[in-house]
Amino acid sequence: MGRPEKIRFDLLKVTDFKTFVVGNPLPGFGGRYWVFLKLVTDGGVVGYGEAYSLPFHPRVVEDLIQDVCQRYVLGSDPFRIEWLWRQIYSSGYSQRSGIVLMAILSAVEMACWDIVGKELNRPVYDLMGGRVRDRVRTYTYLYPEADDSTDVYLDPELAATRAAAYVARGFTAVKFDPVGPYSAFDPREPSIAALDRATEFTRCIREAIGSRADLLLGTHGQLTPTGAIRLAKRLEPYDPLWLEEPVPPENEAAMAQVARGTSIPIASGERLATKYEFNRLLAQRAVGILQMNIGRVGGLLESKKIAAMAEAHYCQIAPHMYCGPVVAAASIQLAVCSPNFLIQEGILDWSGFQAELVQRPIQWEAGYVVPPTEPGLGVELDESVAQAHPYEGEALHLEMSPDPVI
């Protein structure tokens with residue numbers, strides 16, 4: 001019997017790329033637009049990636065992606081992910097985890113993994129340690145609906161009704177922000193009225209769902225450490241699974257102060273990038289749950305490294321996902337092969353425009369994602385749909401209030 005023919009990895013090169021800036025139609029859950037990257041090899045294999053929430057208009061982002069791809073990606077071997085990562089990370093002698101470069105690097109990196117999986121005919125999770133679970137637990141924010149007579153973000157009774165409806169569909173956790181708007185002038189000390197409102201929201205939702213599901217407090221860095229502790233003391237009786245990013249993310253010592261002041265687990269990470277920033281959180285014992293966004297943190301392998309660091313600290317991961325279906329697919333790959341995975345954020349059940357954008361939608365069943373078995377990331381961007389929905393607005397993906405919140 002002859003020896004099997006070897007795959008010539010040394011001949012595989014990226015020869016082309018293309019960006020897609022897709023406007024997210026109303027109701028716009030997941031942000032105003034999503035930025036996708038397509039890489040093509042000399043063998044015609046296509047890989048997709050997604051960059052998450054850069055602080056520039058997407059017209060500028062496309063130019064930035066073009067510069068990085070022309071400078072580093074074209075002509076490179078997509079199997080040399082670690083090598084390519086270091087080249088891009090070190091661009092211009094920076095070697096800093098700035099979120100702009102890291103978001104672009106994340107898109108490149110996950111597109112390379114998509115190509116590698118397709119070349120080897122295996123899902124990415126099989127190449128990063130293999131499957132450790134057969135389904136992926138998910139949660140969703142509470143979202144408004146077209147026929148609402150009031151605002152689900154302002155009406156605690158409506159929020160409770162919506163939470164109960166989600167739990168009836170199979171969700172085992174729901175998330176909401178009890179504090180309200182986030183401002184360019186945060187962090188702030190919450191008023192008594194704000195604390196009362198947060199307590200009422202949490203009480204109503206807990207009473208509506210009982211012990212059938214977890215409550216996730218989705219704060220966005222609005223509070224000072226003392227304000228966050230005051231809030232946490234109010235909400236501890238309702239046993240939330242986590243208090244998310246209670247203070248802005250750049251001060252790990254302040255986050256640790258909150259963690260010491262409450263029994264509620266602290267979660268953070270959606271606005272951080274690379275193992276280096278997450279290491280500072282872990283070193284300060286500031287969190288129990290890490291929320292990397294694979295479209296910003298540095299990609300899949302970087303996320304896997306962070307998950308391993310967290311595992312050594314007995315911390316769990318709950319990947320953040322307020323973006324498009326490619327980051328969602330990459331997050332699912334990470335969840336499937338990570339022993340310390342807790343729960344995955346989703347945009348409801350990934351139906352609607354999320355499903356229209358890909359040729360095979362993410363399979364969601366009663367609160368859980370069924371892991372894909374297709375090679376690569378498990379999704380293929382429907383480029384005709386992407387091109388039919390260009391983003392034509394001027395606002396950014398997400399924007400903060402320009403005025404202080406009282």
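Do we find that residue 316 is closer than 22 Å to residue 260 by Cα and more than 11 Å from the chain's Cα centre (by Cα) in this structure? Before the answer, list the steps.
Details: closer than 22 Å to residue 260 by Cα: yes; more than 11 Å from the chain's Cα centre (by Cα): yes.
When the stated conditions are applied, residue 316 passes them.
Only one of the numbered conditions (1) in contact (Cβ under 8 Å) with a residue 40 or more places away in the chain; (2) closer than 23 Å to residue 99 by Cα; (3) under 19 Å from the mean Cα position of the chain (by Cα) is not met by residue 223, and that is (3). Looking at region 147-168, which of the residues that are in contact with a Leu (Cβ under 8 Å, 6 or more places away or on another chain) and in a helix (DSSP H, G or I) is surrounded by the most Cβ atoms within 10 Å (Cβ to Cβ)? Among residues in region 147-168 that are in contact with a Leu (Cβ under 8 Å, 6 or more places away or on another chain) and in a helix (DSSP H, G or I), the one surrounded by the most Cβ atoms within 10 Å (Cβ to Cβ) is 163. Take the conditions touching a residue at least 60 places away in the same chain (Cβ under 8 Å), farther than 19 Å from residue 268 by Cβ, among the β-branched types (Val, Ile, Thr) and touching a strand residue (DSSP E or B) at 6+ places or on another chain (Cβ under 8 Å) and apply them to residue 172. Does it pass? It is true that residue 172 is touching a residue at least 60 places away in the same chain (Cβ under 8 Å), farther than 19 Å from residue 268 by Cβ, among the β-branched types (Val, Ile, Thr) and touching a strand residue (DSSP E or B) at 6+ places or on another chain (Cβ under 8 Å). Scanning region 231-255 for residues that are over 20 Å from the mean Cα position of the chain (by Cα) and surrounded by fewer than 19 Cβ atoms within 10 Å (Cβ to Cβ) yields 233, 234, 236, 237, 238, 239, 251, 253.
Among the residues of region 226-239, are any of a type outside the set (Asp, Glu), outside any helix (DSSP H, G or I) and either out of contact with any Ser or Thr (no Cβ under 9 Å at 6 or more places or on another chain) or outside the structural domain of residue 101 (by TED's automatic domain parsing) (or both)? Quick ask: steps written out before the conclusion?
So the first thing to find is which residues in region 226-239 are of a type outside the set (Asp, Glu), and the list is 226-235, 237-238.
Okay, now just the ones that are also outside any helix (DSSP H, G or I), so none.
The answer is no, given that none of the residues of region 226-239 is of a type outside the set (Asp, Glu), outside any helix (DSSP H, G or I) and either out of contact with any Ser or Thr (no Cβ under 9 Å at 6 or more places or on another chain) or outside the structural domain of residue 101 (by TED's automatic domain parsing) (or both).
From the list 173, 164, pick out the single residue that is touching a helix residue (DSSP H, G or I) at 6+ places or on another chain (Cβ under 8 Å), of a type in the set (A, V, I, L, M) and assigned by TED's automatic domain parsing to the domain that holds residue 289. Spell out how you get there, then give the answer.
On the way: 173 fails: touching a helix residue (DSSP H, G or I) at 6+ places or on another chain (Cβ under 8 Å).
Result of the check over 173, 164: 164.
If you go through region 120-178 and keep only what is under 29 Å from residue 335 (Cα atoms) and β-branched (Val, Ile, Thr), you end up with 124, 132, 136, 138, 140, 167, 172, 174.
Looking only at helices (runs of 4 or more DSSP H) that lie completely in region 318-406, which have at least 2 residues being at pLDDT 95 or above and over 24 Å from residue 144 (Cα atoms)? Write out each step before concluding.
Values: elements: 325-337, 353-356, 383-388.
Passing ranges, in order: 325-337, 383-388.
Of all the criteria given as (1) over 20 Å from residue 254 (Cα atoms); (2) part of a loop (DSSP other than H, G, I, E, B), the one not satisfied by residue 196 is (2).
Just for region 269-314: of the residues that are outside any loop (DSSP other than H, G, I, E, B) and touching a strand residue (DSSP E or B) at 6+ places or on another chain (Cβ under 7 Å), which one is surrounded by the most Cβ atoms within 10 Å (Cβ to Cβ)?
Applying the first criterion (outside any loop (DSSP other than H, G, I, E, B)) to region 269-314 yields 274-283, 289-290, 300-312.
Right, trim to touching a strand residue (DSSP E or B) at 6+ places or on another chain (Cβ under 7 Å) and you get 278, 281, 289-290, 306-307, 310.
Numbers: 278: 30, 281: 25, 289: 22, 290: 28, 306: 28, 307: 25, 310: 25.
Checked region 269-314; the qualifying residue surrounded by the most Cβ atoms within 10 Å (Cβ to Cβ) is 278.
The values are calculated or read from the model by the stated rules, or taken from the named source; none is laboratory data. A quick note: this is a predicted structure, and the numbers were derived from the prediction, not measured. Heads up, the Cβs are rebuilt from the backbone with ideal geometry, glycines too, and the neighbour counts pull from every protein chain shown.
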